[in-house]
Amino acid sequence: MADVRRRIGLSLGADVCWPICYEQILRRLDLTVEMGGDSIGFDVERVRIEPFYLRQPTSYDVVIDRLTHWYGTSREWIKKAILLDGLYVFNNPWSIQSNEKHTSYCAMMRLGMPIPTTWMVPPKGYHTQPDLQVTLERYAEMFDLAELGERVGYPMYIKPYDGGGWAGVSRIDDADDLQRLYDESGTYLMHLQQAVDPHDLFIRCVGLGPQVRIIRYDPSAPLHDRYTTDDGDVPDDQRQHLVDTTLTINAFFGWDFNSCEALRQDTTWFPIDFANPCPDSQVTSLHYHFPWLIGANLRWSLFCAATKRPVRPNLDWQPFFDIADTDASYPEKLSQYAALARTRLQADEFDEFCDAHLPHLDEILHDFFGSDMAHDAVRQKVVAMYPEHEVDDFTEMFWQRIQDWRNDR
């Protein structure tokens, strides 16, 4: 039996609290896994940014990536490491780079999901570039924005076809709003999407590997209160529907870690925003749910590292389309999509791994999130985000929500 070390890299930007918690809990786990005749231990390290030789081998087995959606050097290093070394990364960088919200809407429409009526409109303004003017003069059709607004239906939302963080997103209630907000949109390429109005529940599902957490979401609240501390009392059958939807989307796009938003009208769930493959991981947003995220991240990364989970550089959408093209009802199709997703995410093997090797993780999470070290990690993030006179109050607020999680467990 050989002693083997598996290395997990954290590719980070402005992240503060979750890497500290991840590293400290992994050390407390002091995990050794007997597998395939080897005794496997685990190390974690923060990935540095530096010039790299394209043929230089990579020492990591798994990288948890928080940078490639915006930082090119890390994205290209990760792509090189996947191609030459078989590195496993959360998430597939080609998918993040190419599949924006627009593509995600179209793909899920193809699978039959009830995506609200959505139109794309040409940008109001343009960056100067060669051949732009002659192209527009020859081929750009004039259109009546007010007529288009009637076809979409009020109320609606105007929002960029990609991006995140609610940037450029506005509600439109009438034609005057539409004209004003379109005029203010500048060079953004925008969607107009009919609002799901009325709706009685807004849910955000956070998926990490085969794990899904359902959280009631309030977008009108301040950032620290948008993730509520409950799940909206979603009935079991609807809960399964949301889980299946989240796993389908994530497996389809090769996203290990993603969040999906859906609105409920009557008993129908409308997915509205689900191309978020680098979701918020900070205690200042997740608070009560933050320990769950750390545990989910540890479980999935350790499973991937221990089993040398193979990377899937090609997304292979055809099996999903084959299901979509059958005569089955949409609920039947969704169940089949989710079964395919669970197979791709090795859900059964993952559960067996956690049962065999991580039965003590919950206890370690509970103890750690009552420690001074965890409290300090929370405070460090608050210091990074809030003015000095608010640090004590917000630190204690987030800390108390974590203690509520511990008590509820």
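Pairing each residue of the range 109-124 that is among the aromatic types (Phe, Trp, Tyr) with any residue that is at pLDDT 95 or above, provided the two are 6+ apart or on different chains, yields C-beta distances under 8 Å for Trp119/Leu148; Trp119/Arg151; Trp119/Val152; Trp119/His191; Trp119/Leu192; Trp119/Gln193. Scanning the range 11-61 for residues that are over 22 Å from the mean Cα position of the chain (by Cα), in contact (Cβ under 8 Å) with a residue 40 or more places away in the chain and in a loop (DSSP other than H, G, I, E, B), we see that the one that is surrounded by the most Cβ atoms within 10 Å (Cβ to Cβ) is Tyr60.
The rows are residues; the columns are (1) touching a Lys or Arg at 6+ places or on another chain (Cβ under 6 Å); (2) closer than 28 Å to Asn91 by Cβ; (3) in contact (Cβ under 8 Å) with a residue 40 or more places away in the chain.
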| site | (1), (2), (3) |
| --- | --- |
| Leu178 | no, no, no |
| Leu181 | no, no, no |
| Arg204 | no, yes, yes |
| Asp218 | yes, yes, no |
| His224 | no, yes, yes |
| Asp236 | no, no, no |
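Only one of the numbered conditions (1) part of a helix (DSSP H, G or I); (2) more than 23 Å from the chain's Cα centre (by Cα); (3) over 19 Å from Ile249 (Cβ atoms) is violated by Asp327, and that is (1).
Need a quick list: helices (runs of 4 or more DSSP H) entirely within the range 348-409 having at least 2 residues that are more than 17 Å from Ile294 (Cα to Cα). Even if it seems obvious, please write down each step before you answer.
On the way: elements: 361-368, 372-385, 391-408.
Here the list reads 372-385, 391-408.
Just name the residue that is nearest to the chain's Cα centre (by Cα) out of those in the range 248-262 that are in a strand (DSSP E or B) and closer than 16 Å to Leu293 by Cα. Residue satisfying both the conditions and the ranking: Asn258. The set of residues in the range 272-320 that are within 22 Å of Leu29 (Cα to Cα), touching a Pro at 6+ places or on another chain (Cβ under 9 Å) and open to solvent by 20 Å² or more (accessible area, probe 1.4 Å) is empty. Looking at the range 257-267, can you tell me whether even one residue there is open to solvent by 10 Å² or more (accessible area, probe 1.4 Å) and under 26 Å from Leu26 (Cα atoms)? Taking every residue of the range 257-267 in turn, at least one turns out to be open to solvent by 10 Å² or more (accessible area, probe 1.4 Å) and under 26 Å from Leu26 (Cα atoms).
Looking at the range 78-94, which of the residues that are of a type in the set (A, V, I, L, M, F, W, C) and open to solvent by less than 40 Å² (accessible area, probe 1.4 Å) is farthest from the chain's Cα centre (by Cα)? I'd like the intermediate steps shown before the answer.
First pass over the range 78-94, keeping only residues of a type in the set (A, V, I, L, M, F, W, C): 78, 81-84, 87, 89-90, 94.
Now drop any that are not open to solvent by less than 40 Å² (accessible area, probe 1.4 Å), which leaves 78, 81-82, 87, 89-90.
Numbers: Ile78: 18, Ala81: 22, Ile82: 20, Leu87: 20, Val89: 14, Phe90: 10 Å.
Filtering the range 78-94 for residues that are of a type in the set (A, V, I, L, M, F, W, C) and open to solvent by less than 40 Å² (accessible area, probe 1.4 Å), the one farthest from the chain's Cα centre (by Cα) comes out as Ala81.
Kindly evaluate Ser335 against the criterion of being in contact (Cβ under 8 Å) with a residue 40 or more places away in the chain, in a helix (DSSP H, G or I) and touching a strand residue (DSSP E or B) at 6+ places or on another chain (Cβ under 9 Å).
On the way: in contact (Cβ under 8 Å) with a residue 40 or more places away in the chain: yes; in a helix (DSSP H, G or I): yes; touching a strand residue (DSSP E or B) at 6+ places or on another chain (Cβ under 9 Å): no.
Answer is no for this residue.
For Leu67, state whether it is part of a loop (DSSP other than H, G, I, E, B), within 30 Å of Gly163 (Cα to Cα), among the aliphatic types (A, V, I, L, M) and in contact with a strand residue (DSSP E or B) (Cβ under 6 Å, 6 or more places away or on another chain).
Details: part of a loop (DSSP other than H, G, I, E, B): yes; within 30 Å of Gly163 (Cα to Cα): yes; among the aliphatic types (A, V, I, L, M): yes; in contact with a strand residue (DSSP E or B) (Cβ under 6 Å, 6 or more places away or on another chain): yes.
Yes; evaluated as a whole, the condition is true for this residue.
Taking the conditions (1) more than 30 Å from Asp65 (Cα to Cα); (2) part of a helix (DSSP H, G or I) in turn, Leu192 satisfies each one other than (2).
Quick check on my filter: what residues within the range 222-237 are in contact with a strand residue (DSSP E or B) (Cβ under 7 Å, 6 or more places away or on another chain) and in a helix (DSSP H, G or I)? Write out each step before concluding.
Of all residues in the range 222-237, those in contact with a strand residue (DSSP E or B) (Cβ under 7 Å, 6 or more places away or on another chain) come to 226-228, 230-232, 234.
Answer for the range 222-237, where residues must be in contact with a strand residue (DSSP E or B) (Cβ under 7 Å, 6 or more places away or on another chain) and in a helix (DSSP H, G or I): just Arg226.
The values are calculated or read from the model by the stated rules, or taken from the named source; none is laboratory data. Note that the structure is predicted; figures quoted are calculated from it, not measured. As a convention, Cβ positions derive from the backbone with ideal geometry for all residues, glycine included, and neighbour counts pool all protein chains shown. Protein only, heavy atoms only, side chains kept; ligands, DNA and RNA dropped before computing areas. Shrake-Rupley method; radii C 1.70, N 1.55, O 1.52, S 1.80 Å.
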